[in-house]
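Chemist: Sharing a structure with you now.
The values are calculated or read from the model by the stated rules, or taken from the named source; none is laboratory data. Keep in mind that what you see is a predicted model, and the values were worked out from it rather than measured. Backbone-built Cβ (ideal geometry, glycine too); neighbour counts: all protein chains shown. Heads up: the accessible areas ignore ligands, DNA and RNA and are worked out on the full protein's heavy atoms, side chains in. Shrake-Rupley method; radii C 1.70, N 1.55, O 1.52, S 1.80 Å.
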Amino acid sequence: MKELTKLETENNIRPTPEIDAFMKASSVGGKKHSISTDYILKVLGLDVCSETVVGSDMQRGVSGGQRKRVTTGEMIVGPRKTLFMDEISTGLDSSTTFQIVKCVKNFVHLMEGTVLMGLLQPAPETYELFDNIMFLSEGYMVYQGPREDVLEFFESLGFKLPPRKGVADFLQEVTSKKDQAQYWVDPSKPYEFIPVSKMADAFKNSRFGRSLESTLNVPYDKSRIHPSALSKTKYAAPKWELLKSCFAREKLLITRHRFLYIFRTCQVCFR
C-alpha cells in the first residue's frame with residue numbers, strides 16, 4: 001500500500017474514495033478473513049454459518065441450500081474471470097436463487113467477468129437480472145442476444161407473450177408441440193406448428209442472428225494475449241509440485257481421520 005500510494009502521488013492519481021477504502025481495508029493484516037470473503041459471506045447469507053463445517057454423508061454440517069451457496073462463494077472469491085454455472089438453483093427457494101444471481105451479476109459488472117449460467121424455470125425477478133439470453137432447444141440455437149430483444153424475435157415469428165406470464169415459462173413452452181398453439185397471435189395466417197429447426201433458421205436470417213454473426217467474425221488481435229494466458233507445457237504445474245500437492249492432501253485427510261487409522265492399525269497389529 002505504501003508503494004501504491006507513492007505511485008499515485010507521483011502520477012497525480014486520485015482514486016475513487018470507495019475503491020481507496022476497499023483497497024486499504026483489504027491490506028489490513030492480522031485478519032482471519034479478507035474483506036472480499038466477508039463481503040461475499042454477507043451477500044450470500046453465509047455469515048451465520050461461517051464457522052460451521054460444510055459436512056458430508058458421515059458428518060452433519062450446513063444445510064443443502066447453504067452448501068450450494070458455499071460452492072458459489074468459492075468460485076466468486078477466487079481470482080476467476082469466467083464462470084460456468086449449471087443448475088445452481090436446484091434445491092433452493094426463489095429468494096435464495098435471486099440473491100445468488102444478483103451477487104453474480106455484481107461480480108460480472110464490477111469485476112468485468114463473464115458468467116454462463118443455466119437455470120431451470122427462474123422466477124421473473126431472477127430472469128430480469130440477466131444481460132443476455134442463450135436459448136437452446138433440441139440441439140439448435142433458437143436465440144442468442146440481449147434479454148430485451150427475445151420477445152421481439154418471437155413476435156416476428158407470430159408468437160406473443162400473454163399477460164401475467166413469465167418470460168422464462170414462455171420460452172420453455174413456445175418450442176413445445178403441445179403448448180405452442182396458445183401463443184399464436186398472427187391473424188394473417190392460420191396456426192401451423194413451427195419446429196425448432198425452422199426457428200433456428202429464422203434466427204440466423206433475422207437481424208439478431210446477423211448481428212451475432214458479425215460480432216463473432218471479428219478477428220481477434222493475438223498481440224493482446226498475455227504471455228501467461230496460455231499454457232506452453234502439457235501440465236500447468238511441474239510434476240514435483242503436483243507430487244507435493246497430492247502428498248499434502250493425503251496427509252491432511254489422514255490427519256483428519258487419524259483416530260480411524262490408529263484404531264485400524266492397532267486392530268491389525270493385535271489380531
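Chemist: Among the residues of segment 182-204, which ones are exposed (fewer than 10 other Cβ atoms within 10 Å of the Cβ) and of a type outside the set (Asp, Glu)?
Modeler: 187, 188, 189, 190
Chemist: Which condition breaks for residue 201 when tested against (1) assigned to a helix (DSSP H, G or I); (2) touching a strand residue (DSSP E or B) at 6+ places or on another chain (Cβ under 7 Å); (3) modelled with pLDDT of 85 or more?
Modeler: Status for residue 201: all satisfied but (2).
Chemist: Run residue 162 past the list (1) under 14 Å from the mean Cα position of the chain (by Cα); (2) in a loop (DSSP other than H, G, I, E, B) and report the number of the one that doesn't hold.
Modeler: (1)
Chemist: In this structure, does residue 50 turn out to be at pLDDT 75 or above, touching a helix residue (DSSP H, G or I) at 6+ places or on another chain (Cβ under 6 Å) and not basic (Lys, Arg)?
Modeler: When the stated conditions are applied, residue 50 passes them.
Chemist: Looking at (1) hydrophobic (A, V, I, L, M, F, W, C); (2) assigned to a loop (DSSP other than H, G, I, E, B); (3) in contact with an Asp or Glu (Cβ under 7 Å, 6 or more places away or on another chain), which one does residue 208 not meet, given that it meets all the others?
Modeler: (2)
Chemist: Got a number for residues in segment 33-61 being in contact with a Gly (Cβ under 6 Å, 6 or more places away or on another chain) and open to solvent by less than 50 Å² (accessible area, probe 1.4 Å)?
Modeler: 4
Chemist: Can you tell me how many residues in segment 117-154 are part of a helix (DSSP H, G or I) and without any contact (Cβ under 8 Å) to a residue 12 or more places away in the chain?
Modeler: The number of residues fulfilling the criteria is 2.
Chemist: When residue 159 is evaluated against the numbered criteria (1) exposed (fewer than 13 other Cβ atoms within 10 Å of the Cβ); (2) over 30 Å from residue 63 (Cβ atoms); (3) of a type outside the set (Ser, Thr, Tyr), which criterion, by number, is the only one it fails?
Modeler: Result: residue 159 fails condition (1) only.
A quick yes/no check of all residues on (1) modelled with pLDDT of 75 or more; (2) not acidic (Asp, Glu):
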site: 20; (1), (2): no, no
site: 27; (1), (2): no, yes
site: 37; (1), (2): yes, yes
site: 43; (1), (2): no, yes
site: 58; (1), (2): yes, yes
site: 66; (1), (2): yes, yes
site: 72; (1), (2): yes, yes
site: 97; (1), (2): yes, yes
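Chemist: I'm checking my understanding of the structure. Among residues of segment 84-116 that are in a loop (DSSP other than H, G, I, E, B) and more than 12 Å from the chain's Cα centre (by Cα), which one is surrounded by the fewest Cβ atoms within 10 Å (Cβ to Cβ)? Before the answer, list the steps.
Modeler: Filtering segment 84-116 for residues in a loop (DSSP other than H, G, I, E, B) gives 87-93, 112-113.
Keeping just the survivors that are more than 12 Å from the chain's Cα centre (by Cα) gives 90-93, 112.
Numbers: 90: 11, 91: 13, 92: 17, 93: 11, 112: 8.
In this case the residue turns out to be 112.
Chemist: Looking only at segment 1-15, count every residue that is open to solvent by less than 80 Å² (accessible area, probe 1.4 Å) and not aliphatic (A, V, I, L, M) and tell me the total.
Modeler: Of the residues in segment 1-15, 3 are open to solvent by less than 80 Å² (accessible area, probe 1.4 Å) and not aliphatic (A, V, I, L, M).
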